[in-house]
1. Could you say which residue among G18, G6, G28 is at positive phi and out of contact with any Gly (no Cβ under 9 Å at 6 or more places or on another chain)?
2. Condition test on A57, is it small (G, A, S), at pLDDT 95 or above and in a helix (DSSP H, G or I)?
Amino acid sequence: MHIDPGPLRLLALIERYGSMSAAAHALGITPAAVTQQVAKAERDCQAPLVVRGPRGATLTAAGTVLAVHG
């Protein structure tokens, strides 16, 4: 399985900031672009990587492994 390194950086930023919109701001892209990239990474990995909530986002165990170990 090949995973694009871009979403790995994105996952690390989501973990750091606790928010997909804050990660988008840090990267200078739109929140919609972040959502699309996360969805693609989840499809590629066949596993949920981010838990979205009303007060932000956290990484799942699989998302944390990818963010830390890429």
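1. Exactly one residue qualifies, and that residue is G28.
2. Details: small (G, A, S): yes; at pLDDT 95 or above: yes; in a helix (DSSP H, G or I): no.
In short, no.
The values are calculated or read from the model by the stated rules, or taken from the named source; none is laboratory data. Everything numeric in this text was worked out from a predicted model, so none of it was measured. With ideal geometry, Cβ positions are generated from the backbone for all residues, glycine too; neighbour counts draw on all protein chains shown.
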